[in-house]
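In what follows, a structure is listed as structure tokens, so that the remarks can point back to it.
The values are calculated or read from the model by the stated rules, or taken from the named source; none is laboratory data. Since the structure is predicted, the reported quantities are computational estimates derived from the model, not experimental observations. Glycine gets a Cβ as well: all are built from the backbone with ideal geometry, and neighbour counts include every protein chain shown.
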Amino acid sequence: MNKHNKIQETITVVDKLRVLYNLQLIDSRIDEIQKFRINIPVELESLEEELEKIQKKLESFHEEILSIKEDINKQNKNIKSSEALISKYEKQKYHIKNHKELYSLDKEVDYQKLEIQLSKKKIKELNIQIHKKYEIIESKKEILKNKKEHLFHKKKELNNILVENEKEEKILLKQSLCFSKKVDNNLLKIYQRIRNRVKNGIAIAPVQRGAPLGSYLAITPQKYSELVQRNKLLVDEHSGRILIDAELAEEEKKKSFVFCYNKKL
């Protein structure tokens, strides 16, 4: 009778671990779906901010071009002003009374001619600047176009994923409820309390290479020996998580994968 009870107790512990780990796998997948849904606006916002930055950069380039064109207009006005002065000085030469006045007028004419040359040089340089900026604008426009297309397809892709995730989440929530009913109330409360306390929501941690998943602190050899025997539920003294051996966890993970795959088919 005692032997039978021991076998029954072993089976009960293993069954508890299987149910708990399946519940964990389901709840973790629900966590992923919900986290993905929360992160979508952030991802889209980031892409839209990129577009806005490029758009503002384009506007800035256009403003710079307008400013350069204003400088060109000023230089053209300077040229006309210099040409008018040259014409004026040339006419004055007909009324000069001495060589000193002629020399002075010639100096003024030469000065204005230099001013014209300088203005033309500046105009040439400014036109080169405009040309370069237009090249950059065309490049930025192409980037903007590609980014807009990427955003459009990204929104479409994310929307499709959301629709699929919503269907999956409904199924998973039913499964979670189903497995929750298979767990003892006190144990379920412990599981939920651990999940709420830890950041990643992992309450059932497989032990790999002597340490619980997500922890660098190894369990004692004695505890590991007890764990693989599967005679009782063990809790990690450092993280407070319920422990499960890697082999049993892998078995349940494969079952869960096959089940999910069949659901999608």
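Provide a single number: the residues in segment 55-77 that are out of contact with any Lys or Arg (no Cβ under 7 Å at 6 or more places or on another chain) and β-branched (Val, Ile, Thr).
So the count comes out to 2.
Each row is one residue, and each column tells you yes or no for (1) over 30 Å from Ser60 (Cα atoms); (2) part of a helix (DSSP H, G or I); (3) among the β-branched types (Val, Ile, Thr).
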site	(1), (2), (3)
Ala84	yes, yes, no
Lys88	yes, yes, no
Gln92	yes, yes, no
Asp106	yes, yes, no
Val109	yes, yes, yes
Lys120	no, yes, no
Ile123	no, yes, yes
Gln129	no, yes, no
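State yes or no: is Ile72 at pLDDT 95 or above, surrounded by 13 or more Cβ atoms within 10 Å (Cβ to Cβ) and touching a His at 6+ places or on another chain (Cβ under 8 Å)?
no
In this structure, does Ile54 turn out to be surrounded by 11 or more Cβ atoms within 10 Å (Cβ to Cβ) and under 27 Å from the mean Cα position of the chain (by Cα)?
For Ile54, the condition - surrounded by 11 or more Cβ atoms within 10 Å (Cβ to Cβ) and under 27 Å from the mean Cα position of the chain (by Cα) - is met.
Of the residues Ser28, Ser82, only one is among the hydroxyl-bearing types (Ser, Thr, Tyr), in contact (Cβ under 8 Å) with a residue 60 or more places away in the chain and surrounded by 13 or more Cβ atoms within 10 Å (Cβ to Cβ); which?
After ruling out the rest, the residue left standing is Ser28.
Only residues that are of a type in the set (Ser, Thr, Tyr) and either closer than 20 Å to Glu32 by Cβ or assigned to a loop (DSSP other than H, G, I, E, B) (or both): list them for segment 189-247, please.
The answer is Tyr191, Ser215, Tyr216, Thr220, Ser239.
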